[in-house]
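Trainee: Input: one structure, supplied below.
The values are calculated or read from the model by the stated rules, or taken from the named source; none is laboratory data. Small disclaimer: the values here were computed from a predicted structure and weren't measured. FYI the Cβ positions are ideal-geometry reconstructions off the backbone, even for glycines, and counts take in every protein chain you see. Areas reflect the complete protein model, heavy atoms only, side chains present, ligands, DNA and RNA absent. Shrake-Rupley method; radii C 1.70, N 1.55, O 1.52, S 1.80 Å.
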Amino acid sequence: MPYIFFTLTAGIVLILLSAKTIDFIAFHILGVTTADPLSDNFLLRATFWSGSLPLTVISSMSAAGFLFLTWKYGGRIFKRLIAPFSISPDMLDDITYKSIVFGFPFF
């Protein structure tokens with residue numbers, strides 16, 4: 001159960017970051033304008049909330065596909081990335097406790 005939660009959370013974060021990157025490129029670098037010039041809200045306007053139905057469907061389908069691929073293959077890729085560091089369970093436990101001690105005052 002935690003695997004599903006963390007892979008879906010990581011997938012959603014990566015999808016939103018990539019959508020915001022596409023928005024930034026579209027509106028600030030390429031200079032695309034919206035139909036409503038009075039609105040300064042560009043949140044996901046180039047991807048999920050665009051006026052074009054095909055673009056919205058393509059964005060939604062690619063996000064769903066990315067979530068599925070993250071859920072299906074994310075554990076294998078993550079293990080392959082972590083394996084060269086040879087982190088022992090005791091070291092991981094120590095890192096977890098230190099991050100909690102460091103992050104608790106900020107939380």
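Trainee: Under 6 Å by Cβ, and 6 or more places apart or on different chains, what pairs join a residue from the stretch 1-25 that is in contact (Cβ under 8 Å) with a residue 40 or more places away in the chain and under 19 Å from Gly65 (Cβ atoms) with one that is open to solvent by less than 80 Å² (accessible area, probe 1.4 Å) and not in a helix (DSSP H, G or I)?
Mentor: Close Cβ pairs (under 6 Å, with a partner that is open to solvent by less than 80 Å² (accessible area, probe 1.4 Å) and not in a helix (DSSP H, G or I)) amount to Ala19/Leu44; Ala19/Thr47.
Trainee: Within the stretch 88-98, is even one residue open to solvent by 100 Å² or more (accessible area, probe 1.4 Å), hydroxyl-bearing (Ser, Thr, Tyr) and out of contact with any Ser or Thr (no Cβ under 7 Å at 6 or more places or on another chain)?
Mentor: Yes: the stretch 88-98 contains one or more residues that are open to solvent by 100 Å² or more (accessible area, probe 1.4 Å), hydroxyl-bearing (Ser, Thr, Tyr) and out of contact with any Ser or Thr (no Cβ under 7 Å at 6 or more places or on another chain).
Trainee: For Leu16, state whether it is of a type in the set (A, V, I, L, M, F, W, C), within 13 Å of the chain's Cα centre (by Cα), under 28 Å from Leu92 (Cα atoms) and at pLDDT 80 or above.
Mentor: no
Trainee: Follow-up question, since we're still on this one. Scan the stretch 25-45 and give yes if some residue there is part of a loop (DSSP other than H, G, I, E, B), among the aromatic types (Phe, Trp, Tyr) and modelled with pLDDT under 85, otherwise no.
Mentor: There is at least one residue in the stretch 25-45 that is part of a loop (DSSP other than H, G, I, E, B), among the aromatic types (Phe, Trp, Tyr) and modelled with pLDDT under 85.
Trainee: Consider the stretch 71-98. How many of its residues are more than 22 Å from the chain's Cα centre (by Cα) and either part of a helix (DSSP H, G or I) or closer than 16 Å to Phe6 by Cα (or both)? Walk me through it before giving the result.
Mentor: Here is the first cut: in the stretch 71-98, the ones more than 22 Å from the chain's Cα centre (by Cα) are 83-98.
Applying the additional criterion that residues be either part of a helix (DSSP H, G or I) or closer than 16 Å to Phe6 by Cα (or both) yields 83-85, 89-98.
Summing the residues that are more than 22 Å from the chain's Cα centre (by Cα) and either part of a helix (DSSP H, G or I) or closer than 16 Å to Phe6 by Cα (or both) in the stretch 71-98 gives 13.
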